[in-house]
1. Can you list residue pairs whose Cβ atoms sit under 6 Å apart, with the first residue in region B:442-459 being touching a residue at least 24 places away in the same chain (Cβ under 8 Å) and the second being assigned to a loop (DSSP other than H, G, I, E, B)? Count only pairs 6 or more apart in sequence or on different chains.
2. Against the condition surrounded by fewer than 24 Cβ atoms within 10 Å (Cβ to Cβ), at pLDDT below 95 and under 23 Å from the mean Cα position of the chain (by Cα), how does B:ALA192 come out, does it pass?
3. Are any residues in region B:427-449 within 10 Å of another protein chain (Cβ to nearest Cβ) and either in contact with a strand residue (DSSP E or B) (Cβ under 9 Å, 6 or more places away or on another chain) or over 18 Å from A:ALA15 (Cα atoms) (or both), and if so, which ones?
4. Any chance you could count how many residues in region B:425-443 are more than 42 Å from the chain's Cα centre (by Cα), assigned to a helix (DSSP H, G or I) and farther than 15 Å from B:THR460 by Cα?
5. Just to be sure I understand, how many residues within region A:180-236 are in a helix (DSSP H, G or I) and not hydrophobic (A, V, I, L, M, F, W, C)?
6. Within region B:274-288, does at least one residue satisfy the condition of being in contact with a Ser or Thr (Cβ under 9 Å, 6 or more places away or on another chain), surrounded by fewer than 17 Cβ atoms within 10 Å (Cβ to Cβ) and within 19 Å of B:VAL118 (Cα to Cα)?
Amino acid sequence: MKVTLFTTCIVDFMAMNVGKATVELLEGLGHEIDYPKNQTCCGQPTYNTGYVEKTKNTMKHFIETFEHAEVIVSPSGSCVSFVKEYPHIFAEDKEWKERAEKVVAKTYELSQFLIEVINIENFSAKLPGKAVYHHNCHTSRFLQVKEQPLTLLSKVEGLELVDFHNSGKCCGFGGTFSVKMGEISAEVADEKARYIQEANPDYLIGADFACLMNIGGRLSRLGSNIKVMHIAEVLNSK
Amino acid sequence: MGIKINDQSFEKNLEKNLNDDFMRAAMVKAQDLISNNRKNVLSQLGDGNFPEWQKLSGEVRAHVLENLDFYLHQFSENVIKNGGNVFFAKDAKEASQYVTNLAIERGVKKVVKAKSMVTEEIGLNHKLMDAGVDVKETDLAEYILQLDDWNPPSHMVVPSLHLNKTQIRDVFAKNGYTGKDLPEDLAAFARAQLRNEYVTADMGIYGCNFAIAESGAITLISNEGNIDLCTSAPELQVAVMGMERIVATYEDADICISLLARSAVGAKSTSYTTFVNGITEEGAADGAKEFHVVIVDNGRSEVLKSQFKEVLQCMRCAACLNACPVYRQVGGHSYNAIYSGPLGVVLTPLLAGYDDFKELPYMCSLCGECTEVCPSNIPLHKLIHEHKRVLAEEKKASAFWGASMSGAGMVLSRPWMYKLGTSVAPLMTKPLMVDGKIKKGVSVLKGWTDKRDLPALEKTRFRDWYESRSKGGNK
């Protein structure tokens, strides 16, 4: 299948390895990657801060960049969940609403794509050690993608997955919330990091780089040596 | 007191609360306990399909709001039929004035009160006290707060959650208690003090969980038995309710009640579900001989006309407070209003304006857990976002963020600007790097880096890697 990749802006300039792992993983499964070079961002940062009108051009740009695709896959449930909001945001604009609906219908978060679209049963990932998985809010709550990542991780050879206290609660990232209300955001991240440390894992795994950057930022400040990995990197581990 | 609880700045309130270790530990403990119990009891309700219940109850509430004029009329006709009086108050002042005048006219010296958010909202206690009436809060938590110099509530269901048993002992000690900080002993002391108040009070005041239109009954959901005493001992009784607090039928009330206790405290039901049907029959030993219902608008009509109307579906269970990751850290007083947590973030600016509460909509990470647990099916996180939109686009609340977001919108919709920006950004942030990480940010980054490291921006972006690779370069 020809998979059109939306890496997300944050992965593009802050987590190149996540994008790289996504490409290698999908190619390894026999898919062809299409990477539209003009892609930028889904628009969530400005939208969530309240600037809806200032976001619409970014959203239109996204639609124009991706509407040619057969299927759009992204290693971020949060960005995908925001793209799924496009038709509501363009509710009063018939043309863009219809174009958005077509894009939405073929957009998937990575683990969702692997389970729901291509039904992968077997792949040869190997990662020895103990891991926790952080259910990020937008993937688990807005996209209702909860079991898919766990199913995939359960098939990684050598990986022991354990739960930790309140693994389904927000990590405190929240886009511009993390700087606008930095103090509160940091306290939420601190609690999350402490519960993760209590489980004593080798790895913290998540399906959204932004949340991982937040929790990882706190873990790093606490001097922890828990390795933070995106699920694409785990599934691409040999 | 009214909606706002103090005159300190948002930052001052926040700082004070973030430094209150006891309060913060209490919030975490209460949230975890209640949330766990909530999940368990909801999984046993019917076939355990909470989203279906949520939808049903949301429909029940939305239906009333769509036809509020009809149901308010029906309800008030039935109250009058039951021998009661109805007063429609357009604002807080009219509502509290009506009750105060009634107290003065009837020569009331002492009032026993059951816990009610709307009486806090209209500032009733102080109005009555200013008129020389002795007011006794009878809910245990409210009783503690009253004795503690009217310390404001920090949670809608558990108002004194921010106080521990030792602090409560100290409060009671100032009022004649000589025992230890044992919860049982403290409760026994409060009980003994309060028993006498019910029989000597001239007036009972309580709120309303659900007003039933088809019968004119006021439904009260409670645990301590104090509400039953407020509705039975005094001969003169007043129920105060927000105008949205109506359900059409007992059947509809049943759906909401089934969800209320489960959502509020994680219990299958409360100890008492009380229906007050106007005045008592001739010769009965207890109950109201004179009964008034005060129906409070206080901004609700405006909310009903607005894009925020779904917030009026709220049944004040506080499930959103118990789920919110922000409330969990900062506690109720940080919202500087009697309504806190996600519900407070939505409701407070609507009832009390943005001026004093413009920070509230940003006390949200948009995680959506409030919406997930809301038994009234209110899209809370979306309404919070709508407040942000109003502040950003209509009120132009922040020049800095307005300009930043204009800039971001411009860059993100123009690939050439985006590519240029992301290629020079690593250079610009280079001075902030320590060991490959940003540990001390400036400007907006400071809020992040005070307690968190930030990874370096990639010198080789994903797009650079991809391009060089497709040209046969490095892998």
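1. Every condition considered, the pairs that remain are B:ALA456/B:GLY436.
2. No, not satisfied.
3. B:LYS437, B:ILE438, B:LYS439, B:GLY441, B:SER443, B:VAL444, B:LEU445, B:LYS446, B:GLY447, B:TRP448, B:THR449 - these are the residues of region B:427-449 that are within 10 Å of another protein chain (Cβ to nearest Cβ) and either in contact with a strand residue (DSSP E or B) (Cβ under 9 Å, 6 or more places away or on another chain) or over 18 Å from A:ALA15 (Cα atoms) (or both).
4. So the count comes out to 1.
5. First, the residues of region A:180-236 that are in a helix (DSSP H, G or I): A:180, A:182-199, A:209-221, A:231-235.
If we keep only those that are not hydrophobic (A, V, I, L, M, F, W, C) as well, we get A:180, A:182-183, A:185, A:187, A:190-192, A:194-195, A:197-198, A:214, A:216-218, A:220-221, A:233.
Qualifying residue count for the region: 19.
6. yes
Table: residues versus (1) over 16 Å from the mean Cα position of the chain (by Cα); (2) in contact (Cβ under 8 Å) with a residue 24 or more places away in the chain; (3) within 14 Å of chain A (Cβ to nearest Cβ).
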position	(1), (2), (3)
B:VAL294	yes, yes, no
B:LEU304	yes, yes, no
B:MET315	no, yes, no
B:TYR335	no, yes, yes
B:SER376	no, yes, no
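Every residue, every condition in (1) in contact with a Cys (Cβ under 7 Å, 6 or more places away or on another chain); (2) within 19 Å of B:ARG389 (Cβ to Cβ); (3) at the interface with chain B (Cβ under 9 Å from one of its Cβ atoms), yes or no:
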| position | (1), (2), (3) |
| --- | --- |
| A:ASN17 | no, no, yes |
| A:LEU26 | no, no, no |
| A:THR49 | no, yes, yes |
| A:LYS60 | no, yes, yes |
| A:GLU70 | no, no, no |
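The values are calculated or read from the model by the stated rules, or taken from the named source; none is laboratory data. Fair warning: this is a prediction, and the values are worked out from it, not measured in the lab. Neighbour counts are summed over all protein chains in view; Cβ atoms, including those assigned to glycine, are modelled from backbone coordinates with ideal geometry.
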